[in-house]
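The structure follows.
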Amino acid sequence: MPMVNRHILSLIFCCFGLFLIVYSAYSLGDFSEYGAAFMPSIIGGGMIIFSLIDIFSRKQESDIPLVTWHEIKFVLLIISIILFYVLASDYLGFILTGLIITAPLMIKYATVKPIYSFIISTGVVLGVYYLFTAVLLVPLPQLFS
């Protein structure tokens, strides 16, 4: 299997963080105040900062570990999951999109039975939905809105 320099993954994360900031500013509005564009912008900024730290923290070329194709596929999976959420949440709503994303990941990577993983992911999604809509008063996308 081909192996590539780990800086490539950091560069991919940096570009994706920039994409999140630009997309949230363009489609969700101003991110200077707390609202829909605030959290994607914070996540994008964090991705940029940490990927740049990863790129510039290595002193020598020999300190840079190589990356396998399996790790690259995992990074692309995470990016595609985030893109799916960004694109589908307006139509499917937060709860359904959250379940589509978290349930398969929980079932695949959890060490408990699949039904417990599904119950846990449902509880987490509903808890986050309640936290944002009832406590923080931030409207989340509704089904087919």
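The values are calculated or read from the model by the stated rules, or taken from the named source; none is laboratory data. Since the structure is predicted, the reported quantities are computational estimates derived from the model, not experimental observations. With ideal geometry, Cβ positions are generated from the backbone for all residues, glycine too; neighbour counts draw on all protein chains shown. Heads up: the accessible areas ignore ligands, DNA and RNA and are worked out on the full protein's heavy atoms, side chains in. Shrake-Rupley method; radii C 1.70, N 1.55, O 1.52, S 1.80 Å.
Given a Förster radius of 35 Å and the C-beta distance between Leu87 and Ile119 as r, what FRET efficiency does 1/(1 + (r/R0)^6) yield to the nearest 0.05?
Result of the calculation: an efficiency of 0.80.
Shape of segment 68-144 from its Cα gyration tensor (a ≥ b ≥ c, root eigenvalues): rounded if a/c is under 1.5, otherwise prolate when a/b > b/c, or oblate? It would help to have the intermediate numbers written out before the result.
Details: a/c = 2.39, a/b = 1.36, b/c = 1.75.
It is oblate, given that a/c is not under 1.5 and a/b is not larger than b/c.
Leaving out ligands, DNA and RNA, what percent of the accessible area of segment 84-138 is carbon and sulfur, probe 1.4 Å?
Heavy-atom surface of segment 84-138 belonging to carbon and sulfur, 1.4 Å probe: 78 percent.
Give, in nm to one decimal, the length gained when the segment between Ile100 and Ile8 is fully stretched (0.36 nm per residue of separation minus the Cα-Cα distance).
30.2 nm
How do 93-104, 120-131 rank on mean C-beta neighbours within 10 Å, highest first?
The densest-packed peptide leads the list: 93-104, 120-131.
For segment 68-144, what does the accessible surface come to per residue with a 1.4 Å probe? Please give it in Å².
Numbers: 5030 Å² over 77 residues.
That works out to 65 Å² per residue.
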